[in-house]
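Undergrad: After the structure tokens below, expect a handful of questions from me.
The values are calculated or read from the model by the stated rules, or taken from the named source; none is laboratory data. Just so it is clear, the structure is predicted and the values come from calculations on it, not from any experiment. In this analysis, Cβ positions are derived from the backbone assuming ideal geometry, glycine residues included, and neighbour counts consider all displayed protein chains. Note: accessible area is taken over every heavy atom of the protein model, side chains too, but ligands, DNA and RNA are not part of it. Shrake-Rupley method; radii C 1.70, N 1.55, O 1.52, S 1.80 Å.
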2 protein chains.
Amino acid sequence: MKHESIVLTGDRPTGPLHLGHYLGSLKQRVELQDIYKQYVMIADIQALTDYFDRPEMVRKNVLEVCLDYLAVGIDPQKTTIFIQSLIPEIAELTIFFLNLVSVSRLLRNPTVKNEVAQKGFEERLPAGFLIYPVSQAADIVIVKGTIVPVGEDQLPHIEQTNEIINAFNRMYNKEIFGHVTGRVSKVPRLSGIDGKAKMSKSLGNAIYLSDSADAIAEKVMKMYTDPDHIHVNDPGKVEGNVVFNYLDIFDPEVEVVTELKAHYRRGGLGDVKLKRRLIDVLNTLIGPMRERRAEFARDPQAVMNIALEGSEKVREVAARTMDEVRQVMHLNYTK
Amino acid sequence: MKHESIVLTGDRPTGPLHLGHYLGSLKQRVELQDIYKQYVMIADIQALTDYFDRPEMVRKNVLEVCLDYLAVGIDPQKTTIFIQSLIPEIAELTIFFLNLVSVSRLLRNPTVKNEVAQKGFEERLPAGFLIYPVSQAADIVIVKGTIVPVGEDQLPHIEQTNEIINAFNRMYNKEIFGHVTGRVSKVPRLSGIDGKAKMSKSLGNAIYLSDSADAIAEKVMKMYTDPDHIHVNDPGKVEGNVVFNYLDIFDPEVEVVTELKAHYRRGGLGDVKLKRRLIDVLNTLIGPMRERRAEFARDPQAVMNIALEGSEKVREVAARTMDEVRQVMHLNYTK
């Protein structure tokens with residue numbers, strides 16, 4: 001059985017999206033929406049796995065994330081944006097899938113293992129956290145997703161998803177769910193403005209897609225460069241210099257950047273001059289997003305309606321998926 | 001906040017119900033339906049936790065169990081009979097509850113521990129099995145159940161349910177769910193016809209509420225009595241004698257049974273005579289059930305409709321419960 005290529009992706013609404021998200025996923029989604037049927041899920045229930053004590057924060061960020069989507073050019077005519085908690089079929093399918101995966105298999109998932117260690121759960125590992133890869137499998141296949149853009153660290157979840165759907169298809173002797181492929185795109189590593197490897201809200205080192213021009217200027221001016229490059233005439237280091245990391249990624253004038261690097265290395269190029277260039281480059285990228293965002297933000301209900309209408313569409317798809325599931329599981333009492 | 005007293009109980013549709021079920025739970029339900037609002041759930045999804053490879057068996061037994069309910073006098077006008085899988089809100093609430101319970105707490109549940117040992121899961125313990133007490137908590141509180149008739153061995157589940165709903169109420173600062181009480185009724189122990197402590201389908205030692213008069217006669221005639229009571233005139237043992245175990249429980253003529261015991265002990269009372277009496281006693285009990293069952297069985301769709309209509313009613317109740325849950329969790333996007 002040939003399954004249609006369908007992209008499923010999404011974000012946890014735990015904060016506004018930043019340049020790292022743009023580079024790592026949002027940019028690709030804008031491209032993918034012209035090639036595939038694409039669903040983008042705002043994973044509020046998964047966010048509550050970590051923040052069940054801060055539901056109002058999650059709620060607020062559902063709107064923010066949706067605004068970010070529209071700002072970067074995700075087009076609701078091409079991409080179905082939906083809210084996880086509005087699709088109860090995901091919970092139903094998760095419960096069915098839980099019978100097909102062992103506790104020890106879940107505990108062996110290397111990504112879960114890492115996260116458990118990072119979060120220091122130890123004895124207090126919530127059951128909801130342990131089973132979230134199963135829930136993710138249901139997120140993907142409820143819309144018959146077959147392509148999931150992921151980072152390398154998410155590949156174990158794709159593997160687990162395929163194990164579950166293979167077990168399900170085999171158990172009920174019908175290929176209801178197609179093989180899921182994790183689409184790893186090679187994106188350059190974007191560090192935080194402090195030079196730390198990862199840009200993240202919790203590290204306070206992020207440039208947000210919703211940042212004002214002033215905020216961007218301020219953040220770039222604080223960027224980590226080369227601590228030994230004290231006077232303009234001192235030779236400077238390009239490696240580990242965040243400004244060059246960003247210029248390499250975002251400045252379209254590659255040759256100019258190459259020249260700037262040489263100049264910086266031999267001395268005579270000041271950080272401020274360099275940073276001004278980066279501010280321009282970032283504003284050229286983020287400026288139009290900021291404008292689109294401001295325009296959409298004028299009518300927050302209209303933005304929510306996009307997510308609500310997308311969720312309605314997904315409910316129809318999910319209902320059809322569950323009809324198939326219920327049929328093979330002999331649970332179709334009302335048909 | 002005062003919560004209404006509401007009974008939630010149910011069975012896994014894995015086979016026809018037998019005398020052990022009648023004595024241990026069905027009899028009480030017929031009484032409880034005149035005192036409380038009562039919901040009886042046919043737990044098809046929980047049955048699939050053990051039998052996800054035999055869905056057609058589970059499906060068939062949904063009808064059988066429903067017939068058994070009607071046969072013993074559970075009255076759909078007083079008791080709402082419903083099918084678990086038709087209430088997706090249970091799955092949704094289960095997913096939320098999973099954030100409030102730790103994996104180690106689930107692994108410590110003594111009943112789960114025993115069952116895990118019995119079933120020999122070891123490394124292959126399915127996640128669905130580990131979390132079923134959480135799913136049970138959702139079953140109970142989705143209809144705002146506060147009273148759950150249980151056996152002693154189920155009390156740890158009630159404790160876990162209360163832990164979860166306390167955590168939920170505390171987390172969202174509202175007493176959405178009332179305390180749940182496990183109602184343990186002192187019922188005499190009914191052994192299998194082979195004398196084993198427990199009557200069960202898998203041991204092949206059960207008398208079913210749907211057994212014909214012939215089947216009952218045959219089973220009673222095979223009943224374990226006293227292997228040393230070979231000739232009528234031999235003195236016989238009453239202790240461990242299954243026929244007396246049953247007469248003690250079901251024969252309304254207590255004094256006659258006392259006399260029979262004395263007679264049996266001193267010798268001169270044959271097993272066959274005794275068994276004939278028990279056959280009569282059981283047919284007096286089961287006969288009317290068998291007739292009611294046969295009557296209902298003539299129109300299986302009407303029986304299914306009782307469960308489907310009950311499920312519709314429960315969906316309304318469940319939707320109201322989830323409205324409250326979504327509100328405190330800030331997930332009420334459409335309200």
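Undergrad: I want to confirm something. Restricting to region A:307-322 and keeping residues that are open to solvent by 20 Å² or more (accessible area, probe 1.4 Å) and either touching an Asp or Glu at 6+ places or on another chain (Cβ under 8 Å) or more than 13 Å from every other protein chain (Cβ to nearest Cβ) (or both), which single residue is nearest to A:GLU4 (Cα to Cα)?
TA: A:VAL317
Undergrad: If you don't mind, another one. Just need a number here: residues in region B:250-284 that are assigned to a helix (DSSP H, G or I) and touching a helix residue (DSSP H, G or I) at 6+ places or on another chain (Cβ under 6 Å).
TA: Count: 9.
Undergrad: Further question on the same structure: Kindly list the number of the only condition in (1) loosely packed, with under 14 Cβ neighbours inside 10 Å; (2) in contact with a Gly (Cβ under 8 Å, 6 or more places away or on another chain); (3) more than 19 Å from A:ALA206 (Cβ to Cβ) that fails for A:VAL272.
TA: The one condition A:VAL272 does not meet is (2).
Undergrad: Continuing with the same structure: Just a yes or no: is a residue in region B:245-252 at pLDDT below 95, surrounded by 13 or more Cβ atoms within 10 Å (Cβ to Cβ), closer than 21 Å to B:VAL187 by Cα and of a type outside the set (Ser, Thr, Tyr)?
TA: No, region B:245-252 contains no residue that is at pLDDT below 95, surrounded by 13 or more Cβ atoms within 10 Å (Cβ to Cβ), closer than 21 Å to B:VAL187 by Cα and of a type outside the set (Ser, Thr, Tyr).
Undergrad: If you go through region B:99-113 one residue at a time, do you hit one that is touching a residue at least 60 places away in the same chain (Cβ under 8 Å) and of a type outside the set (S, T, N, Q)?
TA: Yes, that holds for at least one residue.
Undergrad: Exactly one condition in (1) open to solvent by 10 Å² or more (accessible area, probe 1.4 Å); (2) within 25 Å of B:LYS198 (Cβ to Cβ); (3) among the polar types (S, T, N, Q); (4) not in a loop (DSSP other than H, G, I, E, B) is not met by B:ASN61; state its number.
TA: Looking at each condition in turn, B:ASN61 falls short on (1).
Undergrad: Spot the failing condition for B:GLU255; the list is (1) modelled with pLDDT of 95 or more; (2) under 23 Å from the mean Cα position of the chain (by Cα); (3) surrounded by fewer than 21 Cβ atoms within 10 Å (Cβ to Cβ), and only one is missed.
TA: It is condition (2) that B:GLU255 fails.
Undergrad: For region B:38-73, name all the residues that are away from every other protein chain (no Cβ under 14 Å) and either without any contact (Cβ under 8 Å) to a residue 40 or more places away in the chain or among the β-branched types (Val, Ile, Thr) (or both).
TA: Matches in region B:38-73: B:VAL40, B:VAL72.
Undergrad: Consider region B:74-106. How many of its residues are part of a strand (DSSP E or B), at the interface with chain A (Cβ under 7 Å from one of its Cβ atoms), open to solvent by less than 10 Å² (accessible area, probe 1.4 Å) and not β-branched (Val, Ile, Thr)?
TA: 0
Undergrad: While we're looking at this one, here's another question. Kindly evaluate B:ASP34 against the criterion of being in a helix (DSSP H, G or I) and either in contact (Cβ under 8 Å) with a residue 12 or more places away in the chain or farther than 20 Å from A:TYR333 by Cβ (or both).
TA: For B:ASP34, the condition - in a helix (DSSP H, G or I) and either in contact (Cβ under 8 Å) with a residue 12 or more places away in the chain or farther than 20 Å from A:TYR333 by Cβ (or both) - is not met.
Undergrad: For region B:170-183, check the following and say yes or no: at least one residue is crowded, with 22+ Cβ neighbours inside 10 Å and in a helix (DSSP H, G or I).
TA: no
Undergrad: Another question, then. Given the conditions (1) closer than 22 Å to A:LEU26 by Cα; (2) free of Cβ contacts under 8 Å to residues at least 60 places away in the same chain, report the number of the one that A:GLU239 does not fulfil.
TA: Only one criterion is unmet by A:GLU239, namely (1).
Undergrad: Using the structure shown, decide if B:ASP280 is modelled with pLDDT of 95 or more, of a type in the set (Asp, Glu), open to solvent by 40 Å² or more (accessible area, probe 1.4 Å) and not assigned by TED's automatic domain parsing to the domain that holds B:HIS21.
TA: Considered against the rule, which asks whether it is modelled with pLDDT of 95 or more, of a type in the set (Asp, Glu), open to solvent by 40 Å² or more (accessible area, probe 1.4 Å) and not assigned by TED's automatic domain parsing to the domain that holds B:HIS21, B:ASP280 comes out as yes.
Undergrad: Now for a separate question. Of everything in region B:122-134 that's open to solvent by 10 Å² or more (accessible area, probe 1.4 Å) and more than 7 Å from chain A (Cβ to nearest Cβ), which residue is modelled with the highest pLDDT?
TA: Here the residue is B:TYR132.
Undergrad: Of everything in region A:199-234, what is open to solvent by less than 30 Å² (accessible area, probe 1.4 Å), charged (D, E, K, R) and closer than 28 Å to A:ASP50 by Cα? Give them in sequence order.
TA: Of everything in region A:199-234, just one residue is open to solvent by less than 30 Å² (accessible area, probe 1.4 Å), charged (D, E, K, R) and closer than 28 Å to A:ASP50 by Cα, namely A:ASP211.
Undergrad: Moving on to the next point. Open to solvent by less than 30 Å² (accessible area, probe 1.4 Å), of a type outside the set (Val, Ile, Thr) and within 22 Å of B:LEU63 (Cα to Cα): which single residue out of A:MET289, A:MET329, A:MET304 fits that description?
TA: Residue meeting the stated conditions: A:MET329.
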